[in-house]
Amino acid sequence: MSAPAAADLGFIHRFEPAANPAAPPILLLHGTGGDESDLIPIGRMIAPESALLSPRGKVLEEGMARFFRRLSEGVFDQADLEFRTAELERFIERAAAAYNIDKLRLLALGFSNGANIAASLLLRSPHALAGGILIRGMLPFQPAQLPDLHGRHILLLNGDHDPIVPRTQPQQLAALFRTGGAQVTLEWQPAGHALTQRDIAVAAAWLRTLA
Ligand code: MLT
């Protein structure tokens, strides 16, 4: 099968097929300034046998790709976040059809800005994902209505001295997910905002518990 053009699916992206069709497919969502290739090696370390679907964020901030616009650090353009979340959901639909991805088992693996749009997707359209690994994420918005997240599995990995994400943010996000019915693990890493080897090891071990 020839790869579908980015224009057909709406996002520049990479797709790596599964080595084992039983392994859950993973949606990779990079951080600010990343691209569709950024998280492929990390995705492979965390989920060696999974299919990897990796879009590039479409918003540019001083030349750096992101998944949605922000007004300043940690202050998000909520209208754009809502629009971009819906756009990403459409991409997932189309990519799932094009690559034969089992959408019901799709897990996000998001870092920083990518974790934040994964959180937005889970809060707005919980059926779009089976859960995810959100690294250095924060509460992207306060939902007016709590989503039904029963059956969703979510791992939050945050740094205990992250200068960008205040400690209360992942706590609030975890509480929201739990109240919605998700199985949530919140793990504090001895780290700042950057992703570490330990995040990879903890995420890989968590993923194995889902099998
Ligand atoms: C965001 O804008 O999503 C967060 O501040 C994380 C970042 O991208 O630096």
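Listed values, structure above:
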item: Label-point separation in nm, Ala19 to Thr168, each point 7 Å along Cα→Cβ; result: 4.4 nm
item: Whole-number percent relative contact order across the chain, with pairs defined as alpha carbons under 8 Å at least 6 apart; result: 17 percent
item: Antiparallel %, DSSP beta bridges [both residues in the chain], to 5; result: 30 percent
item: Loop sites in segment 90-184: trypsin sites (Lys or Arg not before Pro), DSSP, at most 13 other Cβ within 10 Å; result: Arg167
item: Evaluated over the chain, the Cα radius of gyration and Dmax, each in Å; result: 15.5, 47
item: Computed FRET value (nearest 0.05) for His127 with Glu62, which takes r as the C-beta separation and R₀ as 41 Å; result: 0.75
item: Overall dimensions of segment 155-195 as given by Cα atoms, namely Rg and Dmax in Å; result: 10.4, 30
item: Low-density loop positions, GluC sites (Glu not before Pro), segment 48-113 - DSSP coil, at most 14 other Cβ in 10 Å; result: Glu49, Glu62, Glu73
item: Segment 1-111 - convex hull of the alpha-carbon atoms, volume per residue in Å³; result: 103 Å³
item: Distance from segment 150-211 to segment 67-140 (C-alpha centre basis), Å; result: 15 Å
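Every number in this text was worked out from the coordinates using simple rules, so none of it is lab data. Note that this is a predicted model, so its numbers are computed, not measured. Glycine also receives a Cβ, built like all others from the backbone with ideal geometry; neighbour counts cover every protein chain displayed.
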